[in-house]
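**Q** Here it is: the structure, laid out below.
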Amino acid sequence: MDSRGEVLARVRGAAVGSFSGAVSIAAHGIAGGGMPPSESAVVLLLAVCAAMGAAVSSVAVRDRDWLFLVASLAAGQLMGHATLGLTGDHAHGFGLSFPMMAAHATAIAISAALVRGAERACLRALAAMSRILLTVPTPLRVDTGTWSATPVYRAKLSLWLLVSAAAGTRGPPAFV
């Protein structure tokens, strides 16, 4: 998968997981008369939605990404609905009425449009950042010239002292 596809997959996975959880909690609150779900139900829902987002982001989709996006949003909402239904504090159980299905279909359509907008916005922002990063931090050229430091005077006495200090036998001092 190319870098553009990886970015789109990550954005799509994060958005599908987030929207699945948000729609599930909002629908639960509306259907349950405004009562929020319990803490354990929210933790389980977050785990399910995170797994759904990770699964969606790991799939490379090249053709018909609208169909995949709508199907993954529908599956995420179904998993969220089932998760909240399994926790036992869901107001209507597993029953699906026509208004509920219409609300889920509307939420899927709105979420799909928002995800596509987020994907496009992310690609445009990354393209702008790459253009900026390619032009701004180019280092300025510095003319150093061809001058180099070469010594003019060479001390002959100090060299002779260094050479004579190293001459002789090496080893421990002799006991006389």
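Every read-out reported here was derived from the displayed coordinates using simple, explicitly stated rules and does not represent laboratory data. The shown structure was predicted, so the numbers you read here are calculated from the model rather than taken from an experiment. For neighbour counting, all protein chains shown are included, and Cβ atoms are generated from backbone atoms with ideal geometry for every residue, glycine included.
**Q** What order, most packed first, do the peptides 119-131, 68-80, 42-54, 11-23 have when packing is the mean number of other Cβ atoms within 10 Å of each residue?
**A** 11-23, 68-80, 42-54, 119-131
**Q** On to the next question. Starting from 0.36 nm per residue, how many nanometres of slack lie between VAL142 and GLU39 once their C-alpha separation is accounted for?
**A** 30.8 nm
**Q** Any idea how far apart ILE30 and PHE175 come out in nm if each label point goes 7 Å out from Cα toward Cβ?
**A** 10.3
**Q** Given R₀ = 25 Å, FRET efficiency for ALA60-ILE110 by Cβ-Cβ distance, to 0.05?
**A** 0.45
**Q** Per 0.36 nm of contour for each residue apart, how much would the distance between MET100 and ARG10 grow if the chain were fully extended, relative to their Cα-Cα spacing?
**A** 29.5 nm
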